[in-house]
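The structure appears right after this line, and notes come after that.
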Amino acid sequence: MATASASLPRDHDWWRTAVVYQIYPRSFADSDGDGIGDLAGLTSRVGYLRRLGVDAVWLSPFYPSALADGGYDIDDHRAVDPRLGSLADFDAMTAALHEAGLRVIVDIVPNHSSNRHRWFLEALAAAKGSPARQRYIFRDGRGPDQSEPPNDWKGAFGGSAWEAVGDGQFYLHLFAPEQPDWNWDNPEVRADHLETLHFWADRGVDGFRVDVAVALAKDLSEPLLSAAELAWRPAGPDHPLYDRDELDEIYAQWRTVFNQYDPPRSAVGEAWLSDHDRLARYARPDSLGQVFDFDLLRADFDARAYRDRIAPALARAAHLGSSLTWVLSNHDVVRHASRFGLPPLGPEADNSKSEARDAAWLKSGGQEPAEDTGLGLRRARAAVGCLLALPGSVCLYQGEELGLREVVDMPAEARQDPIFFRSDGVGRDGCRVPLPWQADGPSLGFGPGPAHLPQPDWFADFAVTVEEADPESTLSFYRLALAVRRHLLRQLPRPGDPMGLEWLRAPVGALHFRRPGGWHCLVNFTAPPFPLPAGEVLTASGPLPDDKLPEATTVWLRS
Ligand code: GLC
């Protein structure tokens, strides 16, 4: 069985404080000019990732897929999409990343396969009630000719959550129709996923990001609830679809697999739950061990909002023996440099509120508020300065280190996201536009040909080569902050200790905390500029005129 690469230290706790860089492979770097980013392109950019100073990369799906949902519709979980390369390319990429000191996390998508998966094709060809159909969730249709779906549930991207197969039966898909849900009561489905985990761990993968981690276990005993009844049930043990207790057993089995490796493979769950006690189940050491902390992603840029979310999260992580995974952006949400320019959500900000606000803004054409067009980016830099000073791990999304905003001016014919096709929403393409590596060329250095999603002209101003030449750029700030963070963490007695933070007094509208080793972080969210305390400035997210900390700026100091 493979162990971690010889070039990486055998550290069991690396994931606790790692800065992870999320790569959306089809939009990162294209080596062959087909417009789609690929693994060889990624390998050619390992030097960039090393210079940026991140500890690990998480790759969104690179598996064979018809791209009905950006690659989250997987035909074969143990292969590479030929447009992105081969398993040999994957091994070469992993070796290059390990050689550069970076760990590799891959995406596991266990709620559904694609409708082109061999087991789904087998299920379609097989009779009702056959073992092949029992790997998925098939139910009889209603009505005299069984032409109506088993109930009125809607899929997450719009439309019915049931698709007819022509013989009176329907299958369940919580997402797009091209994403049939697995039946996790079926031992074959469980065993197949364990094989997938071994397959990638044996190839030297260091960790897994678990997609829709709360949806696998389901209770679909008859009669099925209506959508209205379902909407009233909070996720939890009594909810037929989300966050059921049976998941404990599934993830305990996975944990046994992870712990067979040295160092154990890490896992982080994508779990958009608002009940923190339930969320903690997935972060337990005998389960996935870690979950994304989406609370700050949904919060306003506001001192009170940040402190109210950070302080209890630290206490929960300490109690559990887990860590924290702070995140501001990913491939599913409006980029935070745009989000931070939008009207505040208020103290009760939650997932549905932020989703509704952001979707409405996208639909309206997505103009930045005219009074201060740079505010979103200044806040974005200050916010990441805050996150990088907190105990725990931080997940960055490709392009945020360049200060990219959401692309809103995209023609309808270029759009790819199922949300655009299945609902009245605009969808998530605007945060998935291929990266600008240089200020000219057919796709701004992304590849030798045009990119699969069009890049707007203003992307050239944010190109890597442009920002590398500017010491004040967002990229330069990220590089410095990551280097300083790495240096300071090395000096902490117990780098993973979630309690290693002390709050200090700060003006209203600002936060001030100290980490062990005399490292201070001050974030001015909304206060008038105030004098910096005594100490050596280590890095700042923006200018510090007159030795004062202006609004929307973070500074790190050593006292
Ligand atoms: C997760 C992914 C998202 C995908 C969905 C269905 O939320 O992050 O991109 O559409 O799962 O797989």
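The values are calculated or read from the model by the stated rules, or taken from the named source; none is laboratory data. Fair warning: this is a prediction, and the values are worked out from it, not measured in the lab. Note that each Cβ is placed from the backbone with ideal geometry, even for glycine, and that neighbours are counted across all protein chains shown. With ligands, DNA and RNA removed, areas are computed over all heavy atoms of the protein, side chains included. Shrake-Rupley method; radii C 1.70, N 1.55, O 1.52, S 1.80 Å.
What do the square roots of 5 times the Cα gyration tensor eigenvalues come to for the range 501-558, in whole Å, largest first, as semi-axes of the equivalent ellipsoid? Don't skip to the end; give the middle numbers.
Working: eigenvalues 56, 35, 15 Å².
After scaling each eigenvalue by five and taking roots: 17, 13, 9 Å.
Please report the carbon-and-sulfur percent of the accessible area for the range 370-464; probe 1.4 Å, protein heavy atoms only, DNA, RNA and ligands left out.
Carbon with sulfur: 52 percent of the solvent-accessible area.
Along the range 76-84 the Karplus relation, 6.51 cos²θ - 1.76 cosθ + 1.60 evaluated at θ = phi - 60°, assigns HN-Hα couplings of 8, 6, 10, 8, 10, 4, x, 5, 9 Hz to successive residues, with x for each Gly and Pro.
Please state, rounded to one decimal and in Å, the Kirkwood hydrodynamic radius that the range 118-172 gives when every pair of distinct Cα atoms enters the mean of 1/r.
11.5 Å
With a Cα cut-off of under 28 Å and a minimum spacing of 8 residues unless on different chains, the lysine pairs in the chain number 7. Peptides 408-420, 324-336 ranked from most to least packed by the mean count of surrounding Cβ atoms within 10 Å: 324-336, 408-420.
Write down the percent of antiparallel bridges among all DSSP beta bridges whose residues are both part of the chain, to the nearest 5. Write out the running numbers ahead of the final one.
Details: 31 of 56 bridges.
Antiparallel bridges make up about 55 percent of those DSSP assigns within the chain.
Subtracting the Cα-Cα distance of D262 and H239 from their residue separation scaled by 0.36 nm leaves 4.6 nm.
Of all the accessible heavy-atom surface of the range 1-156, with the other protein chains kept in place and a 1.4 Å probe, what percent is carbon and sulfur? Write out the running numbers ahead of the final one.
Working: 2910 of 5690 Å².
Carbon with sulfur: 51 percent of the solvent-accessible area.
Its DSSP H runs of at least 4 residues, each contributing -39,500 (n - 2.57), put the calculated 222 nm mean residue ellipticity of the chain at -8000 deg cm²/dmol, to the nearest 500.
Would you calculate the convex hull of the Cα atoms in the range 127-235 and tell me its volume per residue in Å³? It would help to have the intermediate numbers written out before the result.
Values: hull volume 13.8 nm³, N = 109.
Spelled out: Cα convex hull of the range 127-235, divided by residues, is 127 Å³.
Amide H contacts under 5 Å for D107: L59, R209, restricted to partners 5 or more places along the chain or on a different chain, H placed in the peptide plane at 1.01 Å from N. For the range 38-114, compute Rg over Rh where Rg is the Cα radius of gyration and Rh is the Kirkwood radius from the inverse mean 1/r over Cα pairs. In the range 38-114, Rg relative to Rh is 0.99.
Under 8 Å for C-alpha pairs, at least 6 residues apart: give me the relative contact order for the chain, rounded to a whole percent.
Numbers: 1149 pairs, mean separation 78.9, N = 559.
For the chain, the relative contact order is 14 percent.
If R0 is taken as 60 Å, the Cβ-Cβ distance between A95 and K154 corresponds to a FRET efficiency of 0.85. Near the amide H of E551, within less than 5 Å, lie no amide hydrogens of residues on another chain or at least 5 residues away, with H placed in the peptide plane. The length gained by stretching the chain between S476 and H276 to full extension, at 0.36 nm per residue less their Cα-Cα distance, is 68.4 nm.
About its Cα centre, the dipole of the chain is roughly 1600 debye, where the only charges are +1 on Lys and Arg Cβ and -1 on Asp and Glu Cβ. Rg then Dmax, both in Å and based on the Cα atoms of the range 438-559: 18.5, 54.
Quickly rank 356-365, 548-557 as a protection proxy: mean count of other C-beta atoms within 10 Å, highest first.
Ranking, from highest mean packing down: 548-557, 356-365.
Computed over protein heavy atoms with a 1.4 Å probe, the accessible surface of the chain works out to 38 Å² per residue. The calculated FRET efficiency for A126 paired with W458, based on their beta-carbon distance and R0 = 45 Å, is about 0.30.
Based on the reciprocal of the average 1/r between different C-alpha atoms, the Kirkwood radius for the range 352-463 equals 15.7 Å. Around the amide H of Y136, modelled in the peptide plane, lie the amide H atoms of N183, all under 5 Å away and 5 or more residues distant in sequence or on another chain. Report the per residue volume, in Å³, of the convex hull enclosing the C-alpha atoms of the chain. Cα-based convex hull of the chain, divided per residue, equals 145 Å³.
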